[in-house]
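Every read-out reported here was derived from the displayed coordinates using simple, explicitly stated rules and does not represent laboratory data. Keep in mind that what you see is a predicted model, and the values were worked out from it rather than measured. Counting neighbours? That spans all protein chains shown, and the Cβs are built from the backbone with ideal geometry, glycine included.
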Amino acid sequence: MKRCVALVVCCLSSVGCLVHHESPANAPGHVAVDEPPKDLAVRAAEPPTDPGEEVTVVSAVATPLGVGWSSFGTREARTYMPFSLELAFSRHSLSRSHQGFVASTVLDGALRPNVGMTFARVYPGSGDRAEVGPTFLELQYVGIDKDKFRSGTFAGGVATTFHRVGPQVTGCIGTLLLFDLCARGTYLFREGASVQIGFGYQGVLEWISSR
Amino acid sequence: MKRLLLLGALASGCFVSEGPRRYPSWERTTKGAQTFAECAEADAWVSKSGKEGVGIVLELRGRSSEPCLVTIASARLRVGNEDHAARRLPDPPRLRLGQRVHAYLAFGFDGDKAWNEGAEGTLVITGPTTSVTFPLKQTLPSREECDPR
């Protein structure tokens, strides 16, 4: 039990929450250098136009609470508690600078890679036996309904234990950039299927750099 | 276990920092006009500065009681190790005492590269017999000088 509580705390603390960072490096704005200023006698530079920014969004999702069944559909199906961490990356161009927190806008409709690992599967009973689960790489689609403060993702990809490999699909729904409920199905060839349902706690880092 | 829980709670904080965007720009490092030819003074300031280059306004003021023709043979901006000629030179104005004429000089170059290299610049205006030099530098305005958007 202590091991499970420690795993929950590690999951939550590892993803943080919403982090918005503006790069201290700057870049000049746009100017129409061939066009003279409106009033040549004004002894000041005209303000340049905004060239926009680039934003890299990294979403970290920890699943500290869930339940799964391995070898699903066979007589040997076993129940386990999954603990996983995953990271999704995307990069976007913004036409205007300094719009504040933009992840909730730019992520809507984004297609991005999502890499993660079920770093522990704890089997209750028999001394809380634990094993390392599959590592996975997915392509994830993000949909956001800001009016109703909810979001959803759907992802498909491959999972591997480095001995076995197979397809994996994941679907999540939840509150915008905070918590979500995810269902994940994995099939590893010559090992079998597993399904799991878990609550994900999401952290978002957005790194803004000048264009 | 309590310490682990406390560490987890602390690590889950939010950090948000943002201010108005500031744009690097070129400016003169010296002030005041310089004598140009025998019958005029020349002053200059940056009126446009950005990724596409720099636009400089040249002010010529007559200092002779007799009308005189002020010819600009060349206008060059040295940025780091690169030399850039003005895209167009102004027509030579005929100046009387105290009369001011403004001309716009456009210099196209890679403003991002110049900023990243921390390049300094020198504007050289050359006439038939004399030339004047205006040193330039790039600066990033302080946050107080920027209007929040």
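Annotations
- Mean partner shielding of peptide B:37-49, defined as the number of other chain Cβ atoms within 10 Å of each residue Cβ, is 3.
- Dipole magnitude of chain A, debye to nearest 20 (Cβ charges: Lys/Arg +1, Asp/Glu -1, about Cα centre): 1040
- Between A:P64, A:T79, A:G152, the Cα set farthest toward the positive side of the dipole of the protein assembly as shown (charges on each charged residue's Cβ, about the Cα centre) is that of A:T79.
- Percentage relative contact order, chain A, counting C-alpha pairs under 8 Å, at least six apart: 26
- Each Lys and Arg contributes +1 and each Asp and Glu -1, all at the Cβ; summed about the Cα centre of the range B:23-134, the dipole is approximately 340 debye.
- Shielding by partners - mean other protein chain Cβ count within 10 Å, residues of B:106-115: 3
- A dipole drawn for the range B:23-134 from +1 and -1 charges on Cβ atoms has a positive end, and of B:F36, B:V46, B:A106 the residue lying farthest that way is B:F36.
- Sparse packing (at most 16 other Cβ atoms within 10 Å of the Cβ) combined with a DSSP loop state is found for the following GluC sites (Glu not before Pro) in the range B:73-149: B:E120.
- Only helical runs count toward this figure. For the protein assembly as shown, summing -39,500 (n - 2.57) over DSSP H runs of n ≥ 4 and dividing by all residues gives -2500 deg cm²/dmol at 222 nm.
- For the range A:83-92, backbone phi angles converted through the Karplus equation (6.51, -1.76, 1.60; θ = phi - 60°) give residue-by-residue couplings of 10, 9, 10, 8, 10, 10, 10, 7, 10, 9 Hz, Gly and Pro being listed as x.
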